[in-house]
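The values are calculated or read from the model by the stated rules, or taken from the named source; none is laboratory data. All values derive from a computational prediction rather than experimental measurement. We place every Cβ from the backbone using ideal geometry, glycine too, and count neighbours over all the protein chains shown. What goes into the accessible areas is simple: the full protein's heavy atoms, side chains included, and nothing from ligands, DNA or RNA. Shrake-Rupley method; radii C 1.70, N 1.55, O 1.52, S 1.80 Å.
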Amino acid sequence: MPTAGPLRVGLTGGIACGKSTVAAILADCGAAVVDADAVAHEVIEPGGPAFDEVVARFGREALDADGRIDRARLGGIVFADAAARRELEAIVHPHVLRESRRRLDERARGLGARVAVLEAALLVETGAWREFDRLVVVACSRRAQIERIVGRDGLDQAEAQQRIDAQAPLARKTALADHVIRTDGPIERTRRRAREVYEELLAEAGSADAGPGGLA
């Protein structure tokens with residue numbers, strides 16, 4: 001029996017492992033995809049549901065000259081202080097998950113998609129992965145992560161390692177995964193593997209063991 005709605009898929013992995021690249025490939029295949037990181041940016045914008053709470057906790061020093069939250073400055077604070085990072089997550093993540101659920105259901109309905117994917121960095125850390133029918137983890141070597149973070153974000157190696165260590169170990173995420181997509185090799189290999197996983201998810205969406213869906 002097919003599920004009443006689309007197969008809900010959590011897409012996560014380590015920082016700089018290539019989640020967004022894989023999400024774009026899955027979207028090209030026909031999946032409904034929502035980027036939780038984009039939602040997180042919106043909820044901390046002035047007028048967003050988390051803005052006042054974040055400013056109340058971290059002060060106006062977390063703001064830029066335009067009165068918006070300076071994400072780089074805030075990141076510098078919370079990546080150096082695990083307790084502060086947990087407080088920020090406790091403020092922001094409920095808003096992000098609530099809005100992401102709404103958008104994912106809306107997008108899946110609009111597309112008539114059988115596979116609905118939420119791309120989110122901290123699904124395992126927050127325990128939200130349990131709300132999904134399937135978990136896909138994007139992985140690569142730690143060396144590749146560091147090189148990508150340094151090249152992409154302009155950080156030094158120590159800062160890159162700090163950001164990697166702020167997340168759950170990649171081995172823990174892959175151990176929980178239903179499907180793993182590695183991105184160490186050429187992009188065409190990643191595309192091929194992501195398409196294979198999409199076909200598997202599409203088949204699972206119509207299988208009897210797919211489950212009732214986890215975002216309701």
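Express the accessible area of the chain per residue in Å², computed with a 1.4 Å probe while the remaining protein chains stay in the model.
Counting only protein heavy atoms, the per-residue value for the chain is 49 Å².
Where the Cα atoms of the chain are projected onto their three principal axes, how long is each span, largest first, in whole Å?
Computed over the chain, the largest-to-smallest principal extents equal 54, 37, 26 Å.
Applying the Karplus parametrisation 6.51 cos²θ - 1.76 cosθ + 1.60 with θ = phi - 60° to the phi angles of region 125-136, what ³J(HN,Hα) value in whole Hz is obtained for each residue in order, glycine and proline being reported as x?
Once θ is set to phi - 60°, the couplings for region 125-136 become 4, 8, x, 5, 4, 5, 7, 10, 6, 9, 10, 10 Hz.
Report, by chain and number, residues whose modeled amide H sits under 5 Å from the one on residue 33, excluding near sequence neighbours (fewer than 5 apart, same chain).
For residue 33, whose amide H was placed from the backbone, the distant partners under 5 Å are 117.
Looking only at 169, 46, 186, which one moves most when the chain is put into a Gaussian network model with springs between Cα atoms under 10 Å?
Fluctuation is largest for 186.
At 0.36 nm per residue, minus the direct Cα-Cα distance, what do residue 184 and residue 56 gain on full extension? Give it in nm, one decimal, please.
Computed gain between residue 184 and residue 56 is 42.0 nm.
Only Cα pairs under 8 Å and at least 6 apart count here; give the relative contact order of the chain as a rounded whole percent.
40
Between residue 153 and residue 77, what FRET efficiency follows from the Cβ-Cβ distance if R0 is 22 Å, with the result rounded to 0.05?
According to the calculation, E is roughly 0.85.
Does region 57-166 classify as rounded, prolate or oblate by the C-alpha gyration tensor (a ≥ b ≥ c root eigenvalues; a/c under 1.5 gives rounded; else a/b over b/c gives prolate, otherwise oblate)?
oblate
For the chain, with all protein chains present and a 1.4 Å probe, just round the carbon and sulfur fraction of the accessible area to a whole percent.
51
Counting only protein chains, not ligands or nucleic acids, how are 95, 41 ordered by accessible area (probe 1.4 Å), most first?
These residues rank, largest area first, as 41, 95.
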